[in-house]
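Structure first, commentary second.
The values are calculated or read from the model by the stated rules, or taken from the named source; none is laboratory data. Computed from a prediction, not measured in an experiment: that's the story for all the values here. Positions of Cβ are generated from backbone atoms using ideal geometry, with glycine treated the same way; all protein chains shown enter the neighbour counts.
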Amino acid sequence: MAARISAPAMSRHLRVLRQSGLVDAEPLDDDARARVYSLRPQRLRALQRWLDTFWGGQLAAFKTHVERRP
């Protein structure tokens with residue numbers, strides 16, 4: 001499945017992921033412009049824990065609010 005995103009947009013997204021530490025980038029030996037990206041599972045697990053904590057609390061509060069309304 002091909003991504004339907006321009007090359008410059010993809011490059012910007014990958015740069016943000018790289019700067020945040022969610023992916024690593026290794027240059028290819030035969031092409032200085034190309035990189036192989038790999039996920040950093042430990043960083044993704046930390047992100048998942050944060051999202052679960054943040055959104056879990058937010059969604060629980062929203063549910064309580066909605067259930068109190070007539």
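Descriptive notes on the structure:
- Selection within region 31-63 - in a loop (DSSP other than H, G, I, E, B) and at pLDDT below 90: Asp31, Ala32, Arg33, Ala34
- Within region 30-70, the residues that satisfy the criterion of being within 30 Å of Ala7 (Cβ to Cβ) and aliphatic (A, V, I, L, M) are Ala32, Ala34, Val36, Leu39, Leu44, Ala46, Leu47, Leu51.
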